[in-house]
Amino acid sequence: MHSSIKLSVRFFELDPYSHVNHSVYIQYFEEARIVALSQIGQDVNTLIADNIALVIVEIHTKYLAPALLGDQLTVESGISEIQGASATWLQRIKRDSEVIATQKTRIGCTALMGKPKRFPQELIHSAQKLIVPEEWLA
């Protein structure tokens, strides 16, 4: 299963060419991950209270088509792997049925002070609701 959110492209997100700026896509993907975590009962405040920080280790984004002012977008998020202190998120942005961007993100689990730690079993169990196969991104 995966999570999804809907977003509307806003004027201030555009670059001089009237496309959504490339850096904004990363914000869209991050917002979708935060919502996905909340949907499985692992919102950011809960993680902080449990001395857990989820930090980005690596991002690979593919821009397939531009998003434009007023576009209604859907950001879909899933997790392909959780192993030790690392998880791999797969995400895609759609306009209607067209995939316009994809992102593969490796997330590290640390204590709030930055020391790496294994994902807690409760978080791993909750995250099973978001598991998707690697091919889901293609």
In the stretch 99-121, the residues that are in contact (Cβ under 8 Å) with a residue 12 or more places away in the chain and within 16 Å of Gln42 (Cα to Cα): Ile107, Gly108, Cys109, Thr110, Ala111, Leu112, Arg118, Phe119, Pro120
Which listed residue is at positive phi and surrounded by fewer than 17 Cβ atoms within 10 Å (Cβ to Cβ), from Asn51, Asn21: Asn51
Contacts under 8 angstrom Cβ, first residue in the stretch 125-138 being in a loop (DSSP other than H, G, I, E, B), partner surrounded by fewer than 15 Cβ atoms within 10 Å (Cβ to Cβ), 6 or more apart: Val132/Met1
Any hit, the stretch 63-85, residues being in a strand (DSSP E or B), of a type in the set (Gly, Ala, Ser), farther than 17 Å from Met1 by Cα and more than 12 Å from the chain's Cα centre (by Cα): no
Qualifying positions in the stretch 44-78 - polar (S, T, N, Q) and touching a residue at least 60 places away in the same chain (Cβ under 8 Å): Asn51, Gln72, Thr74, Ser77
Residues being touching a residue at least 12 places away in the same chain (Cβ under 8 Å) and of a type in the set (Gly, Ala, Ser) - total across the stretch 22-43: 3
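This table checks each residue for (1) more than 27 Å from Tyr63 (Cα to Cα); (2) buried (at least 19 other Cβ atoms within 10 Å of the Cβ).
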residue: Ala101; (1), (2): no, yes
residue: Arg118; (1), (2): yes, no
residue: Gln121; (1), (2): yes, no
residue: Ile131; (1), (2): no, no
Any hit, the stretch 46-60, residues being charged (D, E, K, R), under 21 Å from Lys129 (Cβ atoms) and either assigned to a loop (DSSP other than H, G, I, E, B) or out of contact with any Ser or Thr (no Cβ under 7 Å at 6 or more places or on another chain) (or both): yes
From Ser23, Ser4, residue being within 18 Å of the chain's Cα centre (by Cα), closer than 12 Å to Ile93 by Cα, small (Gly, Ala, Ser) and outside any loop (DSSP other than H, G, I, E, B): Ser4
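Bear in mind that the values in this text are calculations on the coordinates, not laboratory data. None of these values were measured; they are calculated from a predicted model. Here the Cβ is made from the backbone with ideal geometry for all residues, glycine too, and neighbour counts use every protein chain on show.
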